Structure formats: structure tokens, C-alpha cells
């Protein structure tokens with residue numbers, strides 16, 4: 001197993017080494033996609049962009065409440081660079097965006113993914129809390145494995161290489177459809193030499209919801225997502241996220257995956273993904 005998803009590096013060319021706000025990273029084999037060995041799974045780049053959003057002019061009085069990640073093309077395994085900026089400043093509401101670019105063979109960079117996060121000011125609303133029932137049992141009371149358990153029941157051959165081989169999981173009974181819910185967390189750091197934060201951990205693995213919520217077989221279909229939107233209802237606690245997902249297939253070659261999200265203390269929000277369906 002790899003020791004991390006991304007290794008921080010210096011800009012590869014002198015002309016890139018200007019103070020332009022970019023951070024540079026070398027992806028490891030732990031980021032590899034389940035769909036092709038030449039590109040990254042959507043999870044680690046989503047975690048890296050969440051890290052970028054969190055570090056961009058942080059405000060102790062605001063928290064991220066909605067984050068949308070757009071995958072604009074294959075995210076290659078060459079040098080990645082990332083930069084964030086505040087797009088809409090404000091004391092109560094702000095919008096932060098971050099771009100992830102991939103270095104091409106000729107030394108230029110191609111925009112491969114983008115995340116946009118809304119931050120809202122926090123306040124005490126504990127007296128009006130209404131949320132779905134907590135997902136149980138929690139990982140501390142379950143046997144966990146590397147990869148995803150019950151893969152035959154999920155209809156997915158997840159394997160143990162690349163990204164799926166770097167996550168820890170435990171399966172429980174689902175509530176949103178007829179597929180299991182899965183507790184999952186990264187088993188390795190996001191960036192070498194750093195501790196992963198709770199939000200970084202959760203956003204690194206939420207992308208797999210479309211795989212967890214499907215009843216299709218990988219030898220017959222593919223169901224690649226082009227985006228992931230997460231709406232949070234409170235600040236997540238801990239590295240584990242419980243993903244209770246269900247994918248709906250439409251009649252014109254596309255569908256959507258919706259998932260309830262939990263941490264080990266309760267419900268934290270929902271995610272949605274657009275899915276492109278292709279017959280093998």
C-alpha cells in the first residue's frame with residue numbers, strides 16, 4: 001500500500017516557480033482509478049481540493065455547507081497543481097473556488113477539476129435540530145477490511161489495487177435503497193507528512209457513492225460520475241463517513257446517485273452525483 005496519495009514537490013520548471021499561489025504535487029499509485037490505470041480516481045483529487053478550500057483565507061466564524069466538485073476531464077498521474085481563491089467574500093456568506101491542473105507532456109497545464117465551496121456563518125441552533133436516525137452500528141463495533149466488503153453483493157469487482165486498495169471499510173444494512181450502507185475512511189494520509197483533517201478524509205472517499213449505490217455489473221456497464229455535490233447540515237467529526245447510497249438509472253443513458261451521509265455521532269448531510277451510463 002502507498003504511504004500517501006500525494007507527495008508535495010517543487011514546481012518542475014523554473015518558469016513555474018513564480019509566486020502564483022499554486023501548490024505542486026506528485027500523485028502516487030494510491031490515487032489510481034478503478035476505470036483506467038492511466039488516471040486518478042475522483043476521490044483523492046476531491047480530498048486535495050477540499051484541503052485547498054480549507055486553507056484559503058479561513059474564517060473561524062464560517063463553515064463549509066455545500067461543496068460541488070466538477071470533473072472536467074481525466075485527472076492524470078503526472079504533476080498536479082492546485083490553487084484556491086475567495087470568489088465572493090463576506091462576513092456571513094462567502095464562496096471559495098479551487099482549480100486542479102495536470103501537467104501535460106509539453107510542459108503546459110490542463111484544467112482537470114474544480115471545486116466550489118459555500119461557507120456560512122455559524123450560530124447556535126441546537127434547540128431546533130431535526131435529522132434522520134443515526135446509522136448504526138458504527139465502525140468501532142464492526143469488523144473492518146481494506147477495500148470494500150460484500151463486493152459480490154454490490155455487483156462491483158472493486159479489487160485491492162489503486163485507490164480502492166487504500167481505503168478501510170465496514171458494511172452495514174442500508175436504508176435508502178436495496179444496497180448496503182458502507183462506513184469508509186482513507187487508510188493512508190492525503191498528503192505526505194501531514195495529518196488528514198476530518199473534512200479532507202470525508203471528501204477523499206465520498207466520490208465512491210456511485211459505486212456503492214449501484215446494482216449494475218462492471219462486466220456489462222460503466223457508470224462514471226461527472227460531479228459530486230455535498231450538502232452538509234453540521235460539522236463532521238472524525239475520519240469515518242457512512243455512505244448510504246442509491247443509484248437511479250434513467251432511460252436515456254444517464255442517471256444519478258443520491259446518498260445519506262453520517263459520521264459516528266449522527267447524520268451530517270447528503271450527496272448527489274450525475275452518472276453517465278455506458279454499455280460495455
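Overall dimensions of region 159-231, expressed as equivalent-ellipsoid semi-axes from the Cα gyration tensor (√(5λ), whole Å, largest first), are 23, 15, 13. For region 3-52, a Kirkwood radius taken over Cα pairs fed into Stokes-Einstein (37 °C, viscosity 0.692 mPa s) yields D = 271 µm²/s.
Here region 1-148 is treated as a Stokes sphere of Kirkwood radius computed over C-alpha pairs; at 20 °C and 1.002 mPa s its diffusion coefficient rounds to 122 µm²/s. For residue 274 and residue 26, the FRET efficiency from 1/(1 + (r/R0)^6), where r spans their Cβ atoms and R0 equals 30 Å, is about 0.50. The relative contact order of region 68-132 comes to 34 percent, based on Cα pairs under 8 Å that sit 6 or more residues apart.
With contacts taken as Cα pairs under 8 Å at a separation of at least 6 residues, the chain carries a relative contact order of 19 percent. Here is the P(r) of region 174-280: all C-alpha pair distances, binned every 10 Å from 0, give 15, 44, 29, 10, 0 in whole percents.
With both labels modelled 7 Å from their Cα along Cα-to-Cβ, the residue 110 to residue 35 distance reads 1.4 nm. Each of 55, 66, 270 was scored by other Cβ atoms within 10 Å of its Cβ. Listed from fewest to most, they are 55, 66, 270. If you take the Cα centroid of region 47-69 and the Cα centroid of region 259-280, the two points sit 19 Å apart. With r defined as the distance between the Cβ atoms of residue 233 and residue 256 and R0 fixed at 22 Å, what FRET efficiency is calculated, to the nearest 0.05? Calculated value: 0.65. With all projection directions averaged, the alpha carbon convex hull of the chain covers 15.4 nm².
Every helix of 4 or more DSSP H residues in the chain counts as -39500 (n - 2.57), and over all residues that averages to -2500 deg cm²/dmol at 222 nm. Spin-label model, residue 221 to residue 55: label points 7 Å out along the Cα-to-beta-carbon direction sit 3.9 nm apart.
Rule-based calculations on the coordinates, nothing more; no lab input. In this text, all values refer to a predicted model and were calculated from it rather than measured experimentally. FYI the Cβ positions are ideal-geometry reconstructions off the backbone, even for glycines, and counts take in every protein chain you see.
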